[in-house]
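The values are calculated or read from the model by the stated rules, or taken from the named source; none is laboratory data. Here the structure is a predicted model, which is why all the values come from computation and not from measurement. Here the Cβ positions follow ideal geometry from the backbone for every residue, glycine too, while neighbour counts run over all protein chains shown. Only protein heavy atoms, including side chains, enter the accessible area calculation; ligands, DNA and RNA are left aside. Shrake-Rupley method; radii C 1.70, N 1.55, O 1.52, S 1.80 Å.
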Amino acid sequence: GVINYVTPSTPTRSGGFLTLAPGNQHYFNGHLRLGAPVGRSGLLFDYVRKQGDGARENIGSRLNDLNLKALIALGGHQSLSLRGNYYSEDSRVTYSGLTEAEFQADPRQNPFQNDSMLLDRWGASASHRLGLSQTGSLTTTAYGYIVSRNWWREAW
């Protein structure tokens, strides 16, 4: 199967936004997006930071998602889109539940204290778009990525 992950378009006006959402259990969700047109071209910067400790002991996650995008107008109904992405995640999340006895003893306990995942992903793409008519276009994309994942699940 294929997943068509669509990133935001470069803006037609300069601007952006910042969203910050703190919470308990060291929860934080921040999102910053800045973009600007440059002539008929455009630039976009997008960064997301999420983190938090879970409702049980030894559970939490930290992630960063950074995207850079440039749209370059080539003239003659053509454009080139260049995109770079870095994603990192450090998660301590267990997939186990608690037995009734474990829950009665301590509902916040986590018997699998070593469950973890470290992930780093670098990606880049270049897309050429050629407008063929008012209703049709041809898009050619080249992309690549490098992933490093260290995942540990503890078992009984």
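Give the separation of the Cα centroids, the range 5-28 to the range 122-156, in Å. Result: 21 Å between the Cα centres.
Both radii were evaluated on the Cα set of the range 3-87; the Rg over Rh quotient, with Rh as the Kirkwood radius, amounts to 1.13.
Of all the C-alpha pairs in the chain, what % are more than 26 Å from each other? Value for the chain: 47 percent of Cα pairs lie more than 26 Å apart.
For residue 130 and residue 108, a Förster radius of 41 Å and the Cβ-Cβ distance give a FRET efficiency of 0.10, rounded to the nearest 0.05. Remark: the range 25-156 carries a charge dipole of roughly 840 debye about the Cα centre, counting +1 on each Lys and Arg Cβ and -1 on each Asp and Glu Cβ. Accessible surface of the chain, 1.4 Å probe: 57 percent of it comes from carbon and sulfur atoms.
Accessible surface calculations at 1.4 Å, restricted to protein heavy atoms, place the chain at 69 Å² per residue.
Spacing of the modelled spin labels on residue 148 and residue 14, each 7 Å from Cα toward Cβ, amounts to 3.8 nm. The label point for residue 90 and the one for residue 122, both projected 7 Å from the Cα toward the Cβ, are 1.9 nm apart.
The label-point distance for residue 21 and residue 55, in a model that sets each label 7 Å from Cα toward Cβ, rounds to 1.7 nm.
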